Every structure is written in C-alpha cells, then in structure tokens.
Amino acid sequence: QHKQISGVSSGCQQGGCLTCSDYNGCLSCKPRFFMHLERIGMKQIGVCMTSCPPGFYGTRSPERNTCTKCRSECDSCFNKNFCTRCRPGFYLHLGKCQETCPEGLVRSDTQRECV
Amino acid sequence: LERPALRALIKVTLFKHELTGKPMVLEGVFVGGSAGKAEGKLLQYHPLSLCNTSEDERQDGDFITIVKLERRVPRCLPLLDKANMALEKGAQAVIFDVSDDDQAAAELRETDSLPRPVILVDAQDAEELMGLVNKNEEANVIIEIKVESKWPQYD
Amino acid sequence: GRIQERQGTVALCPSPCHCEEDGIFIMVDCSEMGLSTVPISLDPLTTYLDLSMNNISEIPPRAFHRLHLLSELRISGNQLRYISSQALQGLHNLKVLMLQNNQLERLPDDAPWDLPNLLSLRLDANLLSEVPPAAFEGVRSLRHLWLDDNSLTEIPVAALDSLPSLQAMTLALNQIKHIPDYAFKNLTALVVLHLHNNHIQSMGSRCFEGLHSLETLDLNYNNLQEFPVAIRTLSKLQELGFHNNNIKAIPERAFVANPQLQTIHFYENPIQLVGKSAFQFLPKLHTLSLNGATQIREFPDLKGTTSLEILTLTRAGLSALPLDLCEQLPRLRVLELSYNQIEDLPSFYHCSSLQELGLQHNQIRRIESSTFKQMTSLKALDLSWNIIERIHPEAFASLFSLIKLDLTENRLSSMPVGGLGGLTHLKLRGNEELFDAFSPDQFPQMRVIEMPYAYQCCVYGTCDGYKTAGQWDTEQSSTTEDLQKRTVSMYPIHGDTHYDPDLEEFQQEIEESKLQTSVHCTPTPGPFRPCDSLLG
C-alpha cells in the first residue's frame, strides 16, 4: 500500500558512507549504518542506510551491518524466516506469507494478512 | 616450473551497437587453469558481494561477472571462493579488475580447479571495461583464448 | 508547496520535502534535507512521513497531533535524546515507528507513548541502558521490536510483560549477562528471539517458560559456560544457535524436548564431551557438525534423526563406525570423519545418496570390495593420510559419479583403476612403493593428477612440451623477463610451432590440444627429475 520512497541517494554523497570508490560506490559505512548492495542495471554499488530498502532486512554485528534479501514472498521481514509484510497474493500469519490461511482465519486483501 | 599464462581476448559489443558496431577488443590473462570460451552480458558485482550463498540475486540469461577489486575492502572470502561462488551463481565467466589489488594474481596462481574461465584485467583494458560499467552501457562480451601467432621463420 | 486541489481542500507538501499521492492520501519524504526541526505544515491526509537522516534533536509536543491517519513515521538517523509522550500524541493509526540510529538515552516512564495500533517499533542503535517498566504500556498491539545495539545490561522483564502480541524481538549487541527465570513469561506469541552478541554467562533453568510459540532462538557470540538446558520448554523450536560460546559438553538427551529442530549451530565452542543420545529423535535435523570434541569415543546414537544430510564429526576419538550407519542415515549427502582413529570401515552400501566422504587422517589399512559398493552418487572420496596398503581390485568398480579421489600419503604399491574413468582429480603423492605410471586413456577426463614420482607424469606429454634439455636455463630467464610481469605462467608454450594455419582452424586445434596438455601433472619433470625412471 505504501510506496516506499528511498530517502537515501545512491553513491558516495549520502551521509552514511565512510570510504568510497568511483566504480563500486560505498566500500564501508559509518558505525551503525547498514551496507546495502544496490543493483542498478548492470551496475552494483554500495549504499549506506539507517534502514534497509523494501524486500531486505538488516543484520547487525560488531564488525559490519548488512542488508540481506527477504524471502521472495515477503515485502518486508524481520529476518530470513520471519516476514512482517507480504507480497500481493500472499497472506501473513505468525511471520509466514502463504497463499492460504489456517483454519478459522480468513484472508484480508487490504492488509494481506490472515485475520 | 610454472607454465606461461594463456592470454584472453575480451570482445565487447554494446547492446545499442549490436548490429552495426565493431566490437572493442581488450585483453586479460586466464588464471586458475580456466582458459576457454565464454559469452554473456556484462554484469558488475561489488567486491563485498559474493560473500555468502544466501544473497540469491538470480539473473536470467547468460552473463559474465566483472568485479573491481579494492585493496581497502577486507576480503570476506578468498578470491578463489569468490570466483567459484560467481560461477555457481550462473556466471559464464568472471573478470577481476586487479588494477588496485596486485595480490589477486598470486592468490589465484595456486589453483587449477576453476570449472569456467576466470580472467584478470588491469591498466588500460580494465579502465575501458569499468568505464562502460560506470556509464551503465549494457554490453555483450565474448571471451576467447588469444592465439599467440608467430612470424614464420625463413631459413 | 501545493499538491492538488480536492473538493476545496488543498494538500500541502511542506517544503523542501517531496510528496507523492497515494489515492486521496499523500506520502511525504523529507529525508536527507538538513532539517533541524519537524516541518509544521503537515497535511492531515499524510499516511507516510520520512524525516530520516536529518539533524532533528527534539520533537515538540503535539508535533504530529493532526496526523490521525499516519501509518508510517521514520525519524531514524537524527540526534534525538528523548521523545516525550506528548510528542507522539494523536498518532492513533500509526503502525510503523522507526527511531533507530538516534541518541535516545531513556524512554518515557510515567507517561508512556500512546500508540494503540503500533505493530513495528525500531529502537535499535541508540543509547538505552534500561527500559522502564511502564515504557510499553501504550503499545500493546506491538508485534516486532528492535532493541539491538544499545547498552542494556538486563532483560527488560517488566516492560515486556505489556506485550502479549509480540512475535519477533531482538536484544542483540547489548551487555546482558544473565537471563532470569520467567524473563519472557507473557510473550506467548513470540516466534523469533535474537540475543546474539551479548555477555550472557548464565541462564535460569526456567528462563524461557512461556515462549510456547518460539521457533528461532539465537544465543550466538555470548559467554555461556553450560549447555542451555532451559530450551527444554521450547517444543516448537526449529532453529537454535549457540556458536561462539564457552560450552564444554552437550548432555545426554539434550534436545529430547525439541523435536521440530531443523538447524543447530554450535561451532566455536570448546566441546569435549557429547552425550551418546544427545542428538536422538530429531527427525527434521538436516545438518550436524561436531568438530574437536576430543572426548567422543563412540559414534553418536542417531536413532530417529532420519533426515540428516550433512554429518561432520572431525577431530574426535572415533576408532570405529557403526555397521548400520547408512541404514540409520539414509539421506546422508556429506559425511566428514577426518582426524579420528578409524581403523576398519563398514560397508557404506546403503549410503546411496552420499556424494562426499572425508576419511582423511585416520588409521585405515585396507579397502575391501564391499566398502564402497553401490555408492553410485559418490563424487569426492578423501582417504589421504591413512596407512592403506591394499585396495581390493573391485573396490571402486561401482563409483560411476566419482570425480575426485585423494589417496595422498598412504602405503600403496598398486591402485585398481576399474570404475575410475570419470576422475578429474587424482592424488597419489607419498605412496613411495607405487612405481607404475597410468596411461592417459585410463582417465580421459583427468585435469589434475599428483603422482609419487616425476617420471610418472611423462605419459601426460609434459616431457616433450619443453625445449631440449640445454635450454632449461634460458627458458627460465626468458620467462621472468616476460612482458606479463604481474601474470603467472600456467601453460607450456608449444616451442617449435612453425606454421600459422587459418585462425579458426588453429583456435579449434588449441581447444583440442588444450584438452591434451591441460592435464596438470606433478611433480613436473625437469633437469633434476628426468623423464626416464632412475630405477631402469
């Protein structure tokens, strides 16, 4: 329902980038920023963000924070196995995006959830 | 004694010039015992990519991966594993631009087990290739073994 | 700026933000615009507002009080130290609130935020050292909570009591040392709990009581001294991680109460002892890795753990393998048993799916005809660094898929080749009694072969590919001055080619000759390792 506007311009200019390269975009991010490898046509550049783009989730670790792709049926997710919002045609129940709902629940197309 | 490396011919044709344009011919060196032919569209990968198999960025159609290596980026995996991972993800061949990372050649020397072509490029050849990538100029690449033809010896 | 005229009302897009229509609603993006305050003229029909990556250090009371329809508010990447309850007044419909990457030091206690429909709350990457007991009393519908990368020293037990609908939470990258009993007793809907990268040393044996729905528990990178027995209340657990801790033993029946487990990651622990029944009755487990548990003397009893595909049990004290190993593990694909003291091998007859078998660095003496019978899927077999003297002539006969065979450093005087036609890699270095040379036709796919002696490589044409003996030195020096200074020589130059056939034909010839000379055979013959065998 919401078209996410990415608040971060790509390449080296945006605020989270620490080291940068003409060809690869950001090579490393400032502390606590997520490194996302963004595909633009044939290019793939590093971008530093405070939250990963739709379809990706962030994983923090002492060395590096990275964006990783959610499962294909998820619009957004908490980790690889737990979706927080589904793609059209899928319905969310306890972190899973499925085409049908468990017994006793019905599909809500507006929320894309089993309710 | 090691054997002298086979050189690679890298023939690049821009999609927009596909019918008329003469290909740009660049050169590189095969490593890892991987000399051979390959063809596909050129696709850049960031040096921080090819770190774990979970990044399932699937590509359709044949493609050739190009990675500009940077000394400033800590390697998440040895170069051989990165090359193998790129090939496992479907790349027909892998090109490493080693202009800024002269350790790469040494790292790939110790092996002979690469299943498809892996090529090192640097200097002018690398600059031409990365120039295309930077302008997002979609291109098709053909890789062949360069035949070192000699002048016939007149006795 | 104006968005559009609608029945007399004008939707306002606060400058310098960008706005987009979403039906009758609007989505406002003010990210990365150097703002130091929240824009004032926000339209009541705003459903999405992004203020991230600015320099906002304070949110005045009632800043968003007209935005009853706002569904998502992003204020990450600013300099906020505190957000009062009044600041978020009026956001009745807010579902997603992103406050990560600020400098929040505390959360309101006396008057908590009133966000009755909030589902996702991001508080990660702030400076919170505690969470007041009443902090979440106004967000009871919350499902997803990020508190990772803060300075918490304790589990916020009281505050979590207000979140019966919570499904996913991360408390990773904090300084939590202990998990008390009943720490999560009200979180009956919690499915995912991340606690990695803390300082957890001890846990109450009932600390996970109440987590009836938990499927994923991440305790990696802590300082646990004992096996987390508290997991026995987690009957729905599917994914468990406690790698990089300080655990020395896994007890008997360790996972008997967790039959749904699919993955258990516990590498990088000084595990010495593993109960024989520890990994029984895990029908969904597909990977089990045990490395360096030196006190394991017997192969674990894997009764009821029938879906195992990858089993790694290295650097232990195994001296034998169960005869019914393959019957117990019919789906095994990778079996890695290196660095044990295994002497005799059972028949792997029933391991029909096995693709990789690692037995290097053991005490194996003989390979019988039945040992590898019917292992039609086996691709890689590593028997290096054993004391194998004899291999039955039929031992490899049915290994149709085998491509890699490593017999380095054994005591072989002969090697059967029946069934090995598909090999691409063969290693026999260190078998000092093995004098025969194999002919290339026996291994048509060969690419890399290591032999005990250099003369055994001559059958691969690596002798005639070089110039006459007198030119070794010149060859050596011309290579080093070669133009490709940074490249490494990998292939023989065909020295005496005098003709330049038509290019296409020559390319073809290169392809075919590539096949013939692409076999990398070592040790490579040279001036001190001549082609003719010294022993006549």
Inset, instruction - Filter the stretch C:432-456 for residues that are surrounded by fewer than 14 Cβ atoms within 10 Å (Cβ to Cβ) and closer than 22 Å to B:Pro115 by Cβ and give the result. - result: C:Pro444, C:Gln445
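Within 28 Å of C:Asn102 (Cα to Cα) and either within 14 Å of chain C (Cβ to nearest Cβ) or surrounded by 20 or more Cβ atoms within 10 Å (Cβ to Cβ) (or both) - does that describe any residue in the stretch A:89-100? Reasoning before the result, please.
Looking only at the stretch A:89-100, we keep the residues that are within 28 Å of C:Asn102 (Cα to Cα), and these are A:95.
Subset that is either within 14 Å of chain C (Cβ to nearest Cβ) or surrounded by 20 or more Cβ atoms within 10 Å (Cβ to Cβ) (or both): A:95.
The answer is yes; a qualifying residue exists.
For every residue, the table says whether it meets (1) open to solvent by less than 10 Å² (accessible area, probe 1.4 Å); (2) modelled with pLDDT under 80; (3) touching a helix residue (DSSP H, G or I) at 6+ places or on another chain (Cβ under 6 Å).
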residue	(1), (2), (3)
B:Glu2	no, yes, no
B:Leu6	no, no, no
B:Val12	yes, no, no
B:Lys16	no, yes, no
B:Glu27	no, no, yes
B:Leu42	yes, no, no
B:Leu50	yes, no, yes
B:Pro74	no, yes, no
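If I go through the stretch A:46-71 residue by residue, how many of them are assigned to a loop (DSSP other than H, G, I, E, B) and touching a strand residue (DSSP E or B) at 6+ places or on another chain (Cβ under 9 Å)? Even if it seems obvious, please write down each step before you answer.
From the stretch A:46-71, those assigned to a loop (DSSP other than H, G, I, E, B) are A:50-55, A:60-65, A:70-71; that's our starting set.
If we keep only those that are touching a strand residue (DSSP E or B) at 6+ places or on another chain (Cβ under 9 Å) too, we end up with A:50-55, A:60, A:64-65, A:70-71.
Number satisfying all stated conditions: 11.
Within the stretch C:141-151, does at least one residue satisfy the condition of being part of a loop (DSSP other than H, G, I, E, B), among the charged types (D, E, K, R), within 11 Å of chain A (Cβ to nearest Cβ) and more than 20 Å from A:Phe33 (Cα to Cα)? Before you say what the answer is, go through the steps one by one.
Filtering the stretch C:141-151 for residues part of a loop (DSSP other than H, G, I, E, B) gives C:141-143, C:147-151.
Next cut, among the charged types (D, E, K, R) only: C:143, C:148-149.
When the remaining residues are screened for being within 11 Å of chain A (Cβ to nearest Cβ), the result is C:143, C:148-149.
Add one more test, that the residue is more than 20 Å from A:Phe33 (Cα to Cα), and what stays is C:143.
Yes, the stretch C:141-151 contains a residue that is part of a loop (DSSP other than H, G, I, E, B), among the charged types (D, E, K, R), within 11 Å of chain A (Cβ to nearest Cβ) and more than 20 Å from A:Phe33 (Cα to Cα).
C:Glu20 - would you say it is over 25 Å from A:Lys30 (Cα atoms), facing chain A (nearest Cβ under 9 Å), open to solvent by 10 Å² or more (accessible area, probe 1.4 Å) and without any contact (Cβ under 8 Å) to a residue 12 or more places away in the chain?
Working: over 25 Å from A:Lys30 (Cα atoms): yes; facing chain A (nearest Cβ under 9 Å): yes; open to solvent by 10 Å² or more (accessible area, probe 1.4 Å): yes; without any contact (Cβ under 8 Å) to a residue 12 or more places away in the chain: yes.
When the stated conditions are applied, C:Glu20 passes them.
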Legend entry - Residues satisfying the stated conditions in the stretch B:91-107, i.e. without any contact (Cβ under 8 Å) to a residue 24 or more places away in the chain and closer than 9 Å to B:Asp122 by Cβ: B:Asp102
Legend entry - Residue selected from the stretch B:52-69 under the condition within 9 Å of chain A (Cβ to nearest Cβ) and surrounded by fewer than 19 Cβ atoms within 10 Å (Cβ to Cβ), by the criterion modelled with the highest pLDDT: B:Asn52
Inset, instruction - Name the one entry in C:Asp124, C:Asp114 that is surrounded by fewer than 22 Cβ atoms within 10 Å (Cβ to Cβ) and in a loop (DSSP other than H, G, I, E, B). - result: C:Asp114
Inset, instruction - Assess whether C:Leu261 counts as being under 24 Å from C:Leu335 (Cβ atoms), aliphatic (A, V, I, L, M), out of contact with any Cys (no Cβ under 6 Å at 6 or more places or on another chain) and part of a strand (DSSP E or B). - result: no
Inset, instruction - Please find, among C:Asn223, C:Asn198, C:Asn244, the residue that is surrounded by 20 or more Cβ atoms within 10 Å (Cβ to Cβ), polar (S, T, N, Q) and either part of a loop (DSSP other than H, G, I, E, B) or in contact (Cβ under 8 Å) with a residue 12 or more places away in the chain (or both). - result: C:Asn198
Inset, instruction - List the number of the failed condition for C:Ala158; all other conditions in (1) in a loop (DSSP other than H, G, I, E, B); (2) open to solvent by 20 Å² or more (accessible area, probe 1.4 Å); (3) at negative phi hold. - result: (1)
Legend entry - Within the stretch C:175-190, tally of residues that are surrounded by 21 or more Cβ atoms within 10 Å (Cβ to Cβ) and within 21 Å of C:Pro112 (Cβ to Cβ): 4
Legend entry - Cβ-Cβ under 9 Å pairs, at least 6 apart or on other chains, the stretch C:46-59 side facing chain A (nearest Cβ under 10 Å) and within 20 Å of A:Gly15 (Cβ to Cβ), far side of a type in the set (Lys, Arg) and surrounded by 24 or more Cβ atoms within 10 Å (Cβ to Cβ): C:Asp50/C:Arg74; C:Leu51/C:Arg74; C:Ser52/C:Arg74
Inset, instruction - Look at the stretch B:125-150 and say how many of its residues are touching a Leu at 6+ places or on another chain (Cβ under 6 Å), open to solvent by less than 50 Å² (accessible area, probe 1.4 Å) and closer than 16 Å to B:Arg7 by Cα. - result: 4
Legend entry - Breaking point among (1) over 12 Å from C:Ile342 (Cβ atoms); (2) buried (at least 19 other Cβ atoms within 10 Å of the Cβ); (3) of a type outside the set (Phe, Trp, Tyr), for C:Ser277: (2)
Inset, instruction - Tell me, yes or no, whether the stretch C:259-271 has at least one residue that is at pLDDT below 95 and over 18 Å from the mean Cα position of the chain (by Cα). - result: yes
Legend entry - Search result, residues across the stretch C:60-106 that are of a type in the set (A, V, I, L, M, F, W, C) and open to solvent by 10 Å² or more (accessible area, probe 1.4 Å): C:Ala63, C:Leu69, C:Val96, C:Met98
Inset, instruction - State whether one or more residues within the stretch A:23-45 are of a type in the set (D, E, K, R), more than 14 Å from chain C (Cβ to nearest Cβ) and in a loop (DSSP other than H, G, I, E, B). - result: no
Inset, instruction - Kindly indicate whether any position in the stretch A:59-69 is over 19 Å from C:Ser120 (Cα atoms), buried (at least 19 other Cβ atoms within 10 Å of the Cβ) and among the acidic types (Asp, Glu). - result: no
Legend entry - Residue selected from the stretch C:208-233 under the condition over 22 Å from C:Gln167 (Cβ atoms) and within 14 Å of another protein chain (Cβ to nearest Cβ), by the criterion farthest from the chain's Cα centre (by Cα): C:Asn222
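The values are calculated or read from the model by the stated rules, or taken from the named source; none is laboratory data. All values reported here derive from a predicted model rather than from experimental measurement. Cβ coordinates were reconstructed from backbone atoms using ideal geometry, including for glycine residues, and neighbour counts include every protein chain displayed. With ligands, DNA and RNA removed, areas are computed over all heavy atoms of the protein, side chains included. Shrake-Rupley method; radii C 1.70, N 1.55, O 1.52, S 1.80 Å.
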